1. For A:Leu243 and A:Asn96 in the same chain, what is the full-extension length gain: residue separation times 0.36 nm, less their Cα-Cα distance, in nm?
2. List the accessible area buried at the contact between B and A, summed over both sides and calculated with a 1.4 Å probe, in Å² to the nearest 100.
3. How compact is the range B:109-169 by the rule of thumb for globular proteins, expressed as Cα Rg over 2.2 N^0.38 Å?
4. Could you give the DSSP H helices of chain B that reach 24 angstrom or more along their long axis (alpha carbon positions) and whose average Kyte-Doolittle hydropathy is no lower than -0.5?
5. So how many Å³ per residue does the convex hull of the Cα atoms of the range B:146-245 work out to?
6. How much of the DSSP bridge set in the protein assembly as shown is antiparallel, in percent, rounded to the nearest 5?
7. To the nearest whole number, what is the average tally of beta carbon atoms from other chains within 10 Å of the beta carbons of peptide A:141-147?
8. Restricted to Cα positions, what overall size does the range A:88-137 have along the principal axes? Three whole-Å values, descending.
Amino acid sequence: MKKLFIKIILFSLPILALSIVVEHILRKIPNDFQSKAEQYEKHAGDFKVLCLGESHAYSGIDPRYLDRRGFNGSHFSQTLNYDLEILKKYASDLKNLEYLLLPVSYGSFTSRLENQWEVKNYTLYYNIRGNHNIRYNTELLSLPLESSKEKLISYYMDHIEMTKTDSLGYSTYYNKENPDKNLVELGKKMAVAQTGKNFDNVSKNVKSLEEIIKLCGRKNITLILFTTPGHKEYRKHLDSRQLNTMLTLSKSFARKNRNVHYLNLLEDSSFIAADFYDADHFSSAGAKKLTAKLNRFINEIDVSDKRKTARMSVFGSP
Amino acid sequence: MTFNSFSYFFFLPVVFLLFQAVADRYRWLVLLMASYAFYGFLLQPSLPVILAFVTTFSFLAGKRIYCAPAGNKKKQLLLFSVLVNLAILVYCKYLVFLVENMNLLLGAFSEGFAIPEPEPMVSIALSFFIFQAISYLADIYFGITGAEGHPGHFALHMSFFPKLLQGPIERAGALLPQIREPYRFNYDDVRHGLLLFFWGLFLKSVVADRIAFFVDPVYNNVRAYTGIPLIIATYAYAFQLYFDFAGYTNMALGSARLFGIKLTQNFNSPYLANSFADFWRRWHISFSRWILDYIFQPLQMKWRNFGNNGTALALVVTFLLSGFWHGADWTFVIWGLLHGTFLAVATYYKPYKKKLHRKLGIDKSRWITIFQVAVTFHLVCFTYIFFRASTIGDAWHIVTNLFNIYSNYTTFKTIGLSEFIAANILIGNRKMVFIILICMLSIIGIVYRYRHTTLLDKPGWFRWVCYYGLFFLIVIFQITTKPNFIYFQF
């Protein structure tokens, strides 16, 4: 038996060493999480508008069209708990932040990243350590080896660009034409995929959002919750219970908190088919339109806040 | 949990360490608990219950049969116990099929009348362990083996996890003595076991699952193809099936070997068979021996007065039942019927074939053997059309369009060949796939050369190069999107 254990250890050592090397090489491949983390490190102090959230924000908010210095800090499948973690991590660096844009979508309260492979991106590149499962602390173990192999070949052999983000954090993935843009099929598919099987995550996500609101309150940041437009083929397949839960909660947060505003653009008729990349994500034209709308909303809030401040300085606080 | 799943790579070493740690008299218990845990991982609570029932029933029935005096009572006990086992198998696996077909038949005579269709049941491993139970009872009846006295040993014989899901179908006389024997750690057994296991994993996850890329797009949408893609997919399936099942078997044999147990080898170069009879001596050996011993031979004995006709009929019936065993579908029945027919036809022409070869002076020629191997292989591949097709209609489409390469003269595209190539041969943008296949085939050839014993006799540096080569081939080239084995469904 002793001989067997020694042989197994000897056999395993080079494999372990190689795994460490491959892990290191995988982490060196540029990716969106790494590039956004670097942007936070270098420019967080300059941001006046920060957008977090998931792919609806990732595809829909192009900071170029904001009047203020903005940054899109969203990622595919980023959920409220990780929005909170990013905000907490960079809170002290975001000295000039005035507005936080946070999408509340159909799936925002029912989905939550906790034990999925995406967690490793936050652990490795943002250094946000919430999950102690070794699988979610490495590149090699978090995904099937086939994916890691594909990644290595794509970057080191085929020299394919792996980052899909510009310097303001906006996704370049949606800049091209979608060859499979069948809004009827995609609308149903996306709505079904985003419909939660149960509502177990709602209370945890509500708590995360409450903490975001508190943090914004302490830092004097105005939080703008917004629901992005969805194509009618997507909207007609949404589960009414889940949708109403999201709408009710969002309105309630805006009502109860002075620093929170809610803008519901889900059925905004100004967004036409050409503004969509697929049934619930945006083309570059759609992102420009959506960002411009939010920019106007921010400006209105700004004007309104300045008037309130002026009134208070003349008449005193009520 | 299957042999190629992540969890099995934790399960097996844990069981092995526990097995080593406990006293010898409790080792059977460790394996028994591990086997039921393994079966339980399928998350079908009824299955371990059925296994426990079949085990308990067969153990008690075996004792009764053994003690019964020779004569009618002994025969009746055997018949009763076999029928109970078969009833369980029919109920769990074939009831839906029987009711569906009954309703089709009844529908032809009286509209609106239909037997309510039962819910389909998951029946993984049932065919294998029930056949094992039946062979145990029959062997006791025929005096081949005695009744096992230790219920724990018998339970382990029935449920031993390396062979539980897809066989081999072990005989009591082969497995029980190994279970009873005191265990001594043997380093060579462990080496053999690990090598067999990883070789099997390579065959399944690298070779068989990669070949599936050529088979599945065609067989899952047969109407879109005619001609060459159908032919390529059919031949590819022959290799996919073999590597998948042989891969599983090697992993089963390897896992068992770690515990000092040698299971029956299930394959012996089946595509080098020079006749259908030879094919069944080389393919799924434990199963073919079972149907030979417990179905064919009794039938042949019963119909011996009809000479060749009796033998031919016995073969057709045996393989018809073999088709049924593989699945509750007419495609499997036809597959079995084809095999039975080819075997039956051979019984008639075999004596004339020998005379003819001798007359032509080619009876000892190597070329005639090559010719026979080629013909057998092609006929076996033809039967695979029915084995793999989803429906009879699909199988018929394939059969009638195999050589239909001129369905449309105008465009090459319409015969599906260019799409087939674009979708499958260049799969995943990996133009290297041909190179990989060639390398794999070369490696298979080299390792095949050594598969029996000689690799482990080679110098240490050579062995370790092969071990690392095998390990990295598996790690780099494994396909992870197809976890299940093909014979899992039987």
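1. 49.5 nm
2. Using a 1.4 Å probe, the pair buries roughly 1700 Å².
3. So the range B:109-169 has a normalised radius of gyration of 1.69.
4. In chain B, the long hydrophobic H runs are B:46-67, B:72-89, B:228-258, B:308-326, B:330-360, B:366-388, B:433-450, B:460-477.
5. Once divided by residue count, the hull of the range B:146-245 is 132 Å³.
6. That works out to approximately 10 percent antiparallel.
7. Counting other chains' Cβ atoms within 10 Å and averaging over A:141-147 gives 3.
8. 37, 29, 12
The values are calculated or read from the model by the stated rules, or taken from the named source; none is laboratory data. What you are looking at is a predicted structure, and each value in this text was computed from that prediction instead of being measured. Positions of Cβ are generated from backbone atoms using ideal geometry, with glycine treated the same way; all protein chains shown enter the neighbour counts. Side chains included, ligands, DNA and RNA excluded: accessible areas come from the protein's heavy atoms. Shrake-Rupley method; radii C 1.70, N 1.55, O 1.52, S 1.80 Å.
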